[in-house]
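To keep things clear, I will list the structure first and then write my remarks on it.
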Amino acid sequence: MVLTHTTNHTYSHPFPTVTLAFFLRYCSPQLNPFANHVLSTDTISSQVDPATGRLHTTRIHLKKSRMPPSIMKLLPTSITGGAADKASYILETSVVDMREGWMSTESRNLNFVGVLSVVERQLYTAPRVAEPAGKTDVETKVVFRSRLGERIRDKLGQPHAAHQEGGWFARLGARGIQRSIESLASTKTQDQLGKSREGMKIILERLRQTGIMGVLELRKRARERGMEAM
Amino acid sequence: MSQSLATQCNEVKERYDTCFLKWYSEKYLRGTSTADNNECSSLFKEYSQCLQGALKDRGIDKLLEDAREDNKENDAAFMGRKNCK
């Protein structure tokens, strides 16, 4: 079972600024009010490939779970690992090629993958010379895949064992549950995509007004205020 | 940026992020960066060392390995795209 969702969008900002906004999007809630669900962000690798000049970056974000609570309640704790752990680790990899004018990104959840794996791929491109400058196209493709049925069969060791359990799972059927999880998550993600776009626009506007130095200054002031409050 | 996963790494992360963002916006995006982006590398090393323990404690190193394995299985379908190297 796999569900795919593709959208296209054009930002009214030049390509280099959009790629900078991508790195800044979880910078601080003062800068992006739509990033309140992001608890932490860490870079685990970042390097320029000397042959191609491409920048390869890997980051890990900790986000409040996007898994709808209704799903978490449905699932046995043996699968969710205990609903108490509601945060998801997200692995984000990105490649920027300034010469060719594209940035490709991929984000995927690292935990709960047995229940649902969400892989979001984005391709940002600078328009071709003939088109008006100062715009950036982005294609977003999200793939949802639930492996719940496979996981349960693996756990019980044989294909028909789930029925012998006779619980809710046997009644609803693995396929039905997988489909419900995928479509619930898909609906939630479409909503989230709108918010993440709004967040990008706020950052882009701020960059247009104050440039990167203004953004860094804002971030510094926000952090100092946070420390005073503690 | 936002906080680090490990609060003890917040300070060095902050310094690294600032260095990275300046380098990215002032050099990389303008095409004036040398290929061996060295100017933030000592900060990155310090930050990375701080983070290693936290990644291990939370089992993230293991999750990363699993994700890489999973990638190998799934990526075949996307190999046609120029960006997926």
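The values are calculated or read from the model by the stated rules, or taken from the named source; none is laboratory data. Keep in mind it's a predicted model, so treat the numbers as computed, not measured. Please note: Cβ atoms are built from the backbone with ideal geometry, for glycine as well, and neighbour counts cover all protein chains shown.
If we only count helices (runs of 4 or more DSSP H) wholly inside segment A:61-163, which ones have 2 or more residues that are more than 23 Å from A:Asp49 (Cβ to Cβ), modelled with pLDDT under 70 and of a type in the set (Val, Ile, Thr)?
Numbers: elements: A:69-74, A:77-80, A:148-156.
Passing ranges, in order: A:77-80.
Can you pull out the residues in segment A:187-211 that are modelled with pLDDT of 90 or more and β-branched (Val, Ile, Thr)?
A:Ile202, A:Ile203, A:Thr210, listed by residue number.
Please tell me if B:Leu64 is at pLDDT 90 or above, part of a helix (DSSP H, G or I), within 9 Å of chain A (Cβ to nearest Cβ) and within 15 Å of the chain's Cα centre (by Cα).
On the way: at pLDDT 90 or above: no; part of a helix (DSSP H, G or I): yes; within 9 Å of chain A (Cβ to nearest Cβ): yes; within 15 Å of the chain's Cα centre (by Cα): yes.
So B:Leu64 fails the test.
Within segment A:48-64, can you find the residues that are surrounded by 15 or more Cβ atoms within 10 Å (Cβ to Cβ) and more than 21 Å from A:Ile90 (Cβ to Cβ)? Quick ask: steps written out before the conclusion?
Keep residues of segment A:48-64 that are surrounded by 15 or more Cβ atoms within 10 Å (Cβ to Cβ), which gives A:48, A:53-63.
Within segment A:48-64, A:Val48, A:Gly53, A:Arg54 qualify.
Residues A:Ser45, A:Ser12: which one is surrounded by fewer than 18 Cβ atoms within 10 Å (Cβ to Cβ) and more than 17 Å from B:Asp17 (Cα to Cα)?
Details: A:Ser45 fails: more than 17 Å from B:Asp17 (Cα to Cα).
Just a single option satisfies the conditions, and that option is A:Ser12.
Please go through (1) modelled with pLDDT of 95 or more; (2) among the acidic types (Asp, Glu); (3) within 24 Å of A:Val96 (Cα to Cα) for B:Glu46 and return the number of the only condition it doesn't satisfy.
Of everything listed in (1) modelled with pLDDT of 95 or more; (2) among the acidic types (Asp, Glu); (3) within 24 Å of A:Val96 (Cα to Cα), B:Glu46 misses just condition (3).
Being surrounded by fewer than 19 Cβ atoms within 10 Å (Cβ to Cβ), more than 26 Å from B:Tyr24 (Cα to Cα) and not acidic (Asp, Glu) is true for just one of A:Arg99, A:Arg147. Which residue is that? Quick ask: steps written out before the conclusion?
Values: A:Arg99 fails: more than 26 Å from B:Tyr24 (Cα to Cα).
Answer to the check: A:Arg147.
So is A:Val142 within 9 Å of another protein chain (Cβ to nearest Cβ) and among the β-branched types (Val, Ile, Thr) or not? Break it down into steps so the answer makes sense when it comes.
Numbers: within 9 Å of another protein chain (Cβ to nearest Cβ): no; among the β-branched types (Val, Ile, Thr): yes.
The answer is no for A:Val142.
Name the single residue, out of those in segment A:3-26 being touching a residue at least 60 places away in the same chain (Cβ under 8 Å) and part of a loop (DSSP other than H, G, I, E, B), that is farthest from the other protein chains (Cβ to nearest Cβ).
A:Ser12
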